[in-house]
1. Run through all the Cα pairs of the chain and give the fraction in each 20 Å bin from 0, expressed as whole percent.
2. Sum -39500 (n - 2.57) across every DSSP H segment of at least 4 residues in the chain, then divide by the residue count to get the 222 nm mean residue ellipticity, nearest 500.
3. Using a 10 Å Cβ count of at most 13 others and DSSP loop calls, identify the longest part of the chain lacking such GluC sites (Glu not before Pro).
4. Enter the mean projected area of the convex hull around the alpha-carbon atoms of the range 212-320, in nm², rounded to one decimal.
5. Once the whole set of protein chains is in place, how much accessible area is left on Val329, using a 1.4 Å probe, in Å² to the nearest 10?
6. Counting only C-alpha contacts under 8 Å and six or more residues apart, can you give the relative contact order of the chain as a whole percent?
7. Once the convex hull of the C-alpha atoms of the range 1-52 is built, how many Å³ does it hold per residue, rounded to a whole number?
8. Just how many % of Cα pairs in the range 1-134 lie over 21 Å apart, if you round to the nearest whole percent?
Amino acid sequence: MTDGWFKPDRVFDGQDIVYDMAVHVADGFIVETSRAPVPATALSGLLTPGFVDLQVNGGGGVLLNNTPTADGMARIAAAHRRFGTVAILPTVITDHPDVLAQAAAAAIAAKENPDILGLHIEGPHISDAKRGTHRAECIRPLDQDTLTIVSDLRKAGVAVMITLAPEAATPAQITALSEMGAIVSLGHTDATAEEIEVAIKAGARCGTHLFNAMSPMTSRAPGAVGAILNAGIAFGMICDGAHVDDRMFRLALRACAAGSAPFLVSDAMATVGGETQFTLYGRTIRLQEGRLVNAEGNLAGAHITQAEGMRRLVLHAGIPLSDALRMVVTTPATLIGQPRLAHVLGRSSDDLLLLDAASKVLGTMTQSLAPSKT
């Protein structure tokens, strides 16, 4: 690794893309930045913090529900790091209670791993009508067992996002989760707009994969989609061309209320960096023409990385690159309580990426500065 001053073509500083920033590397870390002219070696590409993903079910052939261990989480994180995602929130979906308990224990065991941000509990407290590929027989109302698990995670200093449907939890339970410091995210729900608004007033502050597995917006019934867009809260979206039409992305980003914090999630499954099929609930999920489908042909998670989603936002949805980068870096990092992940200063060069003019990941800064082999 080479030390010294380097000047990329552009730098994403967490908010904007700037053209006049140089960075000082020492012992593999960015120890100083400067907008004033300094003697520096030119570096080709746009320098940005690595991506942050708050909904990752699997990667590298590992599905968290099947391998709810600290090692399983580490293998999933390592698979996504290869594609530019440097921090993930491993996600356990609806399953038997012991699977959730094991995933929670794994998150506590893995809390010193900087690539693992905590645990996303997606279900089982969801609507059967909007369960998607989640296992019907495991769906249940929010209970004391889950409240205790979330409390134990928070006491251990582990960040928690919990996706639930207002139909499956009382406002008092949502308030209790929020007061624990958990991020309550509304999803897999057939709730009315009014029910969503009650849940937000009780403490919910996020929406899970907007449009997917939630009551739609119509002229006289705003549903979950309309309520979330009107509420000025955070919400995740999947940008793979299969879950949400690119035109709906543009519409949602134009329509959301002031204060909204849209961000990208991959909803990635084990096939990212792995084989083209895996098992979920004992059934085979296959990758077909870029889509993950179950035996009935229904979507079952996504086969995409944050890098691919960000690039699609720019090239197909027409979102400005600075906005797209905020959606894969700044907003998710801030929401999960890790704003440092949105900055280059103080970061390892392993955690910084260089993008080409077409917004494609060229590699890490470390790789770009590695001496060429002769």
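The values are calculated or read from the model by the stated rules, or taken from the named source; none is laboratory data. Just so we're clear, the structure is a prediction, and the values are computed from it rather than from any experiment. Cβ placement follows ideal geometry from the backbone for every residue including glycine, while neighbour counts extend to all protein chains displayed. In case anyone asks, the SASA skips ligands and DNA or RNA and just uses the protein heavy atoms, side chains included. Shrake-Rupley method; radii C 1.70, N 1.55, O 1.52, S 1.80 Å.
1. 30, 58, 12, 0
2. -7500 deg cm²/dmol
3. 113-274
4. Hull-based average projected area comes out at 7.8 nm².
5. About 0 Å², rounded to the nearest 10.
6. 20 percent
7. Numbers: hull volume 4.5 nm³, N = 52.
Expressed per residue, the convex hull around the Cα atoms of the range 1-52 is 87 Å³.
8. The share of Cα pairs beyond 21 Å in the range 1-134 comes to 54 percent.
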